[in-house]
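Below is one structure; the comments refer to it alone.
The values are calculated or read from the model by the stated rules, or taken from the named source; none is laboratory data. The model shown is predicted, which means the values in this text are computed figures rather than measured ones. Positions of Cβ are backbone-derived with ideal geometry, glycine not excepted, and every protein chain shown enters the neighbour counts. Protein only, heavy atoms only, side chains kept; ligands, DNA and RNA dropped before computing areas. Shrake-Rupley method; radii C 1.70, N 1.55, O 1.52, S 1.80 Å.
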Amino acid sequence: MSVLGIISDTCQVVMPRLWPLTALDRQLAKSTRAAPALPPIFIVGPPRTGTTILYQRLLTHFRFTYPGNVDAALFSLPCMAHAISRRFKDRERSHGDSSDFGYVPGLWGASEAGPLMRYFLDDERRVDSFGRAIRHMSVASGVPYLCKNTVNAIRLPTIFRALPDAWVVRTHRDRETTARSILKMRRSVGGEQQWAGVRPDGADAVVSAEPIEQTRWQYDAVQEQIDTDLAAAGRTAFDVRYEDFIADPRTMLQGLADAYTRDTGVSVERTSIPIPEIMKKPG
């Protein structure tokens, strides 16, 4: 096991047990002074549909705060972790295009923050604390909070409860290409029979199907769940098609920023790093 893996496993055991510090972290979140609302942005979609490259590019060309790998490790202390990492994360820098099935390397790499999301959003007792923590981090940095997590595609009702003004970006990609890419991800984590990524309700019904049929079903089920939850909340999402984004990132990224401003009244500041006219498809 890698050093990073050992640290991650250790944090999974240790962090939930730091009761005095978690209480202090909650108080820190509650102490946030009144400030103009900066609606957070949640990128969701099926696995292998471009959520990570979109996340990285948004952080490179616009000013947001976000959960980094340090925040993911210190997942039960989001406000304290943000205080530690903020000055490194919030400075202007390129977030690159490289990732390993969603993992972006480096202490300040743009994390999917799975441990943080599970800790707060999968426990009813912590949902409200999640909302307060996100508000605190955004106010502390003075910019909107941006995150991506494909499992959040089936957590939208909980996210809307914690953060009623959350703004959703949803990714699409050619279904067959995505299904085969998920199979590739499965092989990397144990084999084609090993489930990988978000597991929507109803997955048990396809447990005996061929792996490619399971991954096709996974793509469809995730998109249908997003549609259902958005409709139930009376909400819409900003849709990003992977193929269009790669072909013309400038139009897609600026269109996303403009739509966010139009919907929320909050302007998104550009960095000085220019948006390319076309991008090489990540491997």
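For the condition under 27 Å from ARG87 (Cβ atoms), open to solvent by 30 Å² or more (accessible area, probe 1.4 Å) and aliphatic (A, V, I, L, M), what is the one hit in VAL143, VAL139, VAL207?
Numbers: VAL143 fails: open to solvent by 30 Å² or more (accessible area, probe 1.4 Å); VAL207 fails: under 27 Å from ARG87 (Cβ atoms).
Exactly one of VAL143, VAL139, VAL207 is under 27 Å from ARG87 (Cβ atoms), open to solvent by 30 Å² or more (accessible area, probe 1.4 Å) and aliphatic (A, V, I, L, M), namely VAL139.
Among residues belonging to the range 119-136 that are of a type in the set (Lys, Arg) and without any contact (Cβ under 8 Å) to a residue 12 or more places away in the chain, point out the one that is surrounded by the most Cβ atoms within 10 Å (Cβ to Cβ). Give the derivation first.
Residues of the range 119-136 of a type in the set (Lys, Arg): 125-126, 132, 135.
Narrowing further to those that are without any contact (Cβ under 8 Å) to a residue 12 or more places away in the chain: 125-126.
Values: ARG125: 7, ARG126: 17.
That would be ARG126.
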Query raised in the report: Here are some conditions: (1) of a type in the set (S, T, N, Q); (2) farther than 13 Å from VAL44 by Cβ; (3) in contact (Cβ under 8 Å) with a residue 12 or more places away in the chain. GLN223 meets all but one. Which one does it not meet?
Result: (2)
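Just wondering, is there one or more residues in the range 42-64 that are more than 18 Å from the chain's Cα centre (by Cα), within 26 Å of ARG126 (Cβ to Cβ) and β-branched (Val, Ile, Thr)? Steps first, answer last, please.
We begin by selecting, within the range 42-64, every residue more than 18 Å from the chain's Cα centre (by Cα); these are none.
There is no residue in the range 42-64 that is more than 18 Å from the chain's Cα centre (by Cα), within 26 Å of ARG126 (Cβ to Cβ) and β-branched (Val, Ile, Thr).
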**Report entry** Boolean, LEU28 is open to solvent by 20 Å² or more (accessible area, probe 1.4 Å), more than 28 Å from ILE154 (Cα to Cα), modelled with pLDDT under 95 and touching a His at 6+ places or on another chain (Cβ under 9 Å)
**Finding:** yes
Query - Selected residue [part of a helix (DSSP H, G or I), closer than 19 Å to ARG48 by Cα and open to solvent by less than 60 Å² (accessible area, probe 1.4 Å)] from ASP229, ASP220 - result: ASP220
